[in-house]
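Structure, as structure tokens:
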Amino acid sequence: MEKRILGNSGLRVSRLGLGTMTWGRDTDEHEAADQLKTFLDAGGNLIDTAAMYGDGDSERVIGGFIGTLAKREDLVIATKAGISFTAGERSVNNSRTNLLSDLDKSLSRLGVEYVDLWQIHTWDPMVPLEETLSAIDQAVSSGRVRYVGVSNFSGWQLARAATLQNPIFGKSPIVSTQVEYSLLNRGIEAEVIPASIEMNIGVLAWSPIGRGVLTGKYRNGSPSDSRGASPHFSSFIAPYLDERSRKIVDAVCVASEGLGYSPLEVALSWVREGYGVTSAIVGARTAAQLRGILTVEEITLPEQVRTALDEISADIN
């Protein structure tokens with residue numbers, strides 16, 4: 001798998017990253033092991049997780065594979081901090097104390113001395129950004145983190161954080177931003193991507209196949225084994241089951257039929273080769289499904305197809 005430089009850094013990451021949000025909860029250790037082996041055999045190295053995924057279970061599962069299924073040096077481990085669920089309620093806390101506590105817990109669950117990429121999971125309007133960024137500098141200077149990024153920041157939030165973290169002043173630079181991006185959600189093109197390109201920050205695209213909707217599997221309802229039918233994810237999928245999304249999915253399916261590819265391959269290739277995108281984070285229920293996703297490495301969309309999909313997904317309101 002092709003490797004790309006992440007932003008203004010020396011870190012090389014695979015242009016597809018393996019998402020592990022369901023590991024330890026909906027995906028058991030045996031299945032997770034099969035997925036990791038499949039991903040590494042394909043040449044991937046970017047493993048995406050977070051302190052909040054499965055209340056830490058995702059990191060615990062990954063940690064169990066390091067040294068047995070995978071060598072530490074073969075992995076680029078990217079985790080996130082700042083979000084938790086207490087009594088079923090989502091809580092954001094980007095205070096220095098909470099972030100560094102999250103990091104220490106992540107390192108313990110992963111069983112490693114450092115993470116390759118540590119990301120602030122989302123913006124916290126209640127905590128001064130300068131305090132949040134001080135945690136980044138402490139994490140890097142202590143050796144617990146190699147590179148730092150942010151996640152789910154708007155364009156101005158990203159630009160402000162990156163400006164404050166100017167390495168000229170001895171700060172640890174922001175090298176990446178992880179944001180949702182697909183043919184169903186192109187909002188980052190207005191500000192986040194231009195800011196990223198101007199400041200040489202790598203874009204990690206999550207949910208590049210529209211939370212699974214762009215595979216076409218929801219065209220006739222929600223399959224019983226799909227995330228759309230899951231109590232954990234039904235509300236996550238629902239926003240992309242509207243009429244606007246249906247028309248875009250139909251266009252992707254038409255393109256896939258004409259090219260001889262699957263709708264997933266068309267949608268994922270569109271994101272992976274998007275302007276400013278360094279890597280697309282993909283998740284799968286099974287190793288067999290992941291192998292199907294990884295076939296996208298073999299294809300490139302014709303420019304006329306990309307242009308047509310650009311126009312269709314941009315014009316539909």
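The values are calculated or read from the model by the stated rules, or taken from the named source; none is laboratory data. Source: prediction; values computed, not measured. Every residue, glycine as well, gets a Cβ built from its backbone with ideal geometry; the counts of neighbours run over all protein chains shown.
Quick look at the values:
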item: Residue match in region 191-208 (condition: more than 26 Å from Gly10 (Cβ to Cβ), among the hydroxyl-bearing types (Ser, Thr, Tyr) and modelled with pLDDT of 95 or more); result: yes
item: Residue satisfying all of: in region 199-218; out of contact with any strand residue (DSSP E or B) (no Cβ under 7 Å at 6 or more places or on another chain) and in contact (Cβ under 8 Å) with a residue 12 or more places away in the chain; farthest from Lys3 (Cα to Cα) among these; result: Tyr218
item: Qualifying residue in region 220-238 (condition: among the hydrophobic types (A, V, I, L, M, F, W, C), touching a helix residue (DSSP H, G or I) at 6+ places or on another chain (Cβ under 9 Å), at pLDDT 95 or above and on the phi < 0 side of the Ramachandran plot); result: no
item: The one condition in (1) modelled with pLDDT under 95; (2) over 15 Å from the mean Cα position of the chain (by Cα); (3) of a type in the set (S, T, N, Q) that Thr22 fails to fulfil; result: (2)
item: Strands (runs of 3 or more DSSP E) wholly inside region 1-40 containing at least 2 residues that are in contact with a Leu (Cβ under 8 Å, 6 or more places away or on another chain); result: 12-14, 16-19
item: Test result for Tyr114, among the aromatic types (Phe, Trp, Tyr) and in contact with a Ser or Thr (Cβ under 6 Å, 6 or more places away or on another chain); result: no
item: Which numbered condition Arg90 fails, given (1) loosely packed, with under 15 Cβ neighbours inside 10 Å; (2) without any contact (Cβ under 8 Å) to a residue 40 or more places away in the chain; (3) out of contact with any strand residue (DSSP E or B) (no Cβ under 7 Å at 6 or more places or on another chain); result: (3)
item: Residues within region 167-189 that are polar (S, T, N, Q), in contact with a strand residue (DSSP E or B) (Cβ under 8 Å, 6 or more places away or on another chain) and either farther than 18 Å from Asn200 by Cα or at pLDDT below 95 (or both), tallied; result: 1
item: Of all residues making up region 119-136, the number that are acidic (Asp, Glu) and surrounded by fewer than 16 Cβ atoms within 10 Å (Cβ to Cβ); result: 2
item: Residue identified as more than 20 Å from Leu99 (Cα to Cα), in contact with an Asp or Glu (Cβ under 8 Å, 6 or more places away or on another chain), crowded, with 20+ Cβ neighbours inside 10 Å and of a type in the set (Ser, Thr, Tyr) among Thr27, Thr20, Thr79, Thr38; result: Thr20
item: Residue identified as modelled with pLDDT of 95 or more, crowded, with 22+ Cβ neighbours inside 10 Å and farther than 22 Å from Gly170 by Cβ among Ile66, Ile62; result: Ile62
item: Test: residue in region 133-140 that is more than 30 Å from Cys253 (Cα to Cα) and within 16 Å of the chain's Cα centre (by Cα); result: no
item: Subset of region 143-162 [farther than 18 Å from Ala78 by Cβ and either small (Gly, Ala, Ser) or over 23 Å from the mean Cα position of the chain (by Cα) (or both)]; result: Ser154, Gly155, Ala159
item: Pairs, first in contact (Cβ under 8 Å) with a residue 40 or more places away in the chain and within 14 Å of Val282 (Cβ to Cβ) in region 36-48, second in a helix (DSSP H, G or I) and of a type outside the set (A, V, I, L, M), C-beta under 6 Å, six or more apart; result: Thr38/Arg291
